[in-house]
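**Q** The structure follows.
Values quoted throughout were computed directly from the atomic coordinates according to the rules given, and no laboratory measurement underlies them. Predicted, not measured: the structure shown is a model, and the values here were computed from it.
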Amino acid sequence: MSALLPLRIEGRIQTIRGLRLMIDSDLAELYGVPTKRLNEQVKLNRARFPADFMFQLTTDEKAEVVANCDHLSKLKFSKSLPYAFTEHGAFQAANVLASTQAIEIENDAFAHNTRNQLRQIFDALRELNQPPDPPKRPIGFVPPQDRP
């Protein structure tokens, strides 16, 4: 994954309804396709995008996004409401788009996630292999029958 990619993604993540999301136009740009194509593919594959993967913004949410993000000012004049994608929705969009950029990003993200998951598994296994801490001697008087 290029060094610029995380910066490009990080600057495009919005927090809406308490969720970290990407707006359809930003996701389409990242995947190297027009927003119209992204939304067409989502509509054609609607069953693959449950409510926790994506949703359409309300008029107020759209206005807030436009006010807070200079790069999304062109949405102000759009008659349609944009879609917002969660992380899972963004990966699913990469699956249905299958553009060269989408596939590269998906593969890089999968490899990165897989490395992180393997690291967590190895760390847990290392922890299991460590001898347990010796039992601590209790503080205070211990009756003879309770002594080891």
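**Q** Which whole-Hz couplings ³J(HN,Hα) result when phi for each residue of segment 61-74 is put into the Karplus expression 6.51 cos²θ - 1.76 cosθ + 1.60, θ = phi - 60°, listed in order with x for Gly and Pro?
**A** Here the 3J(HN,Hα) series is 5, 4, 4, 5, 4, 5, 5, 8, 10, 4, 5, 9, 4, 5 Hz.
**Q** Let me ask something else. Using Cα positions and a limit of under 19 Å, work out the lysines in reach of residue 43, with same-chain residues fewer than 8 apart set aside.
**A** Cross-link targets: 79.
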